[in-house]
Amino acid sequence: MAKVLKAYQKGNETAIATGDATSVAITGLAAGTVVATGDYQVAYVDGSQTSDKLDVPGFTVLAAKPADPQNVMQQPLMVPM
């Protein structure tokens, strides 16, 4: 089995997310949420073996990038003579 990263909420033994060997995403947090260092932890899991959990550094969830504009029409350029 391949080694993967798993994310856990502090004090919880059940993983909330599973990633690959280099990253894992914590999803479902609202924009502006402030997460303190240690609120989440990560550990490598390889089959039935799990590494020690390490605290995720604190962060603030950023707002999502606005959607690209739709149905934009270019107006002709009017140059005074």
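The values are calculated or read from the model by the stated rules, or taken from the named source; none is laboratory data. The model shown is predicted, which means the values in this text are computed figures rather than measured ones. Heads up, the Cβs are rebuilt from the backbone with ideal geometry, glycines too, and the neighbour counts pull from every protein chain shown. These accessible areas exclude ligands, DNA and RNA; they are computed on the full protein's heavy atoms, side chains included. Shrake-Rupley method; radii C 1.70, N 1.55, O 1.52, S 1.80 Å.
Remarks
- Among A64, A21, A43: highest mean-square fluctuation, GNM of the chain, C-alpha pairs under 10 Å: A64
- Percent accessible area from carbon and sulfur atoms, the chain, protein chains only, probe 1.4 Å: 56
- Shown in residue order for segment 11-25 are the 3J(HN,Hα) couplings computed by the Karplus curve 6.51 cos²θ - 1.76 cosθ + 1.60 at θ = phi - 60°: x, 10, 8, 9, 5, 9, 7, 10, x, 10, 6, 10, 7, 8, 10 Hz (x for Gly and Pro).
- In order through segment 37-43: 3J(HN,Hα) via Karplus (6.51 cos²θ - 1.76 cosθ + 1.60), integer Hz, x for Gly, Pro: 3, x, 4, 10, 9, 10, 8
- Remark: spin-label model distance D68-E13 equals 4.8 nm, labels positioned 7 Å along the Cα→Cβ axis.
- Along each principal axis, Cα extent of the chain, largest first, Å: 77, 30, 17
- Residues of the chain: accessible area per residue with a 1.4 Å probe, Å²: 81
- Largest GNM mean-square fluctuation among Q49, Q41, Q70, using the chain with Cα springs under 10 Å: Q70.
- Net charge contributed by nearby residues that have their C-beta within less than 14 Å of Y8 (K/R +1, D/E -1): -1
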